[in-house]
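Okay, so here's the structure we're looking at.
The values are calculated or read from the model by the stated rules, or taken from the named source; none is laboratory data. These figures come from a predicted structure and were not determined experimentally. Here the Cβ positions follow ideal geometry from the backbone for every residue, glycine too, while neighbour counts run over all protein chains shown. Accessible surface areas use protein heavy atoms only, side chains included; no ligands, DNA or RNA. Shrake-Rupley method; radii C 1.70, N 1.55, O 1.52, S 1.80 Å.
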Amino acid sequence: RCSTGMKLLPRCSIEVWAEGGPNDSEQHKLATGSGAVCPKNDASSVHVSWLGRLKECPFPTMQGEGWRFVAEGTTIPKLSLAQALLGILAAVGSLFGVSIVELGAEDNGS
C-alpha cells in the first residue's frame, strides 16, 4: 500500500497514450505508456513498465518523421511522444505524493 499523508492507498495502475489522426473520425494510438504507483520500503515510487510507439506513421498522407514528436506546447525541441508520456506518468505519480520514478530500460529491439 502507498501512503500519502495519513491515508493508505492500494497499488494503482496508470495507463497513458497519445492519439492523433488526420481528422476526428480517424484517430490512432501513436504512443503508449503504463506504470503503477507502488510502495517501496517507506517511500512510494512510480514504476514505469512500458513506453512505446508505432514503428511507422499510420497516416499515408504524412511524410517524414514529424508524427513522432510533440508539435505544440513545449519549449523542448523534438520532444518525442514517448518522452511526453513519461512526463505525464511522473505527473500522475506526483498527485499521489510520489517523487521517485523507476524506469527499467529493457529493450529487445522491437
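Here are the numbers for the structure shown:
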read-out: Tabulated pairs, the range 50-70, first closer than 23 Å to ILE88 by Cα, second of a type in the set (A, V, I, L, M, F, W, C) and open to solvent by 50 Å² or more (accessible area, probe 1.4 Å), C-beta under 7 angstrom, 6+ apart or interchain; value: LEU51/LEU86
read-out: Single residue of the range 78-103 satisfying the filter (out of contact with any Ser or Thr (no Cβ under 8 Å at 6 or more places or on another chain), assigned to a loop (DSSP other than H, G, I, E, B) and open to solvent by 40 Å² or more (accessible area, probe 1.4 Å)) that is nearest to TRP50 (Cα to Cα); value: SER99
read-out: Failed criterion for THR75 (all others in (1) open to solvent by 50 Å² or more (accessible area, probe 1.4 Å); (2) farther than 16 Å from GLY20 by Cα; (3) at pLDDT 85 or above hold); value: (3)
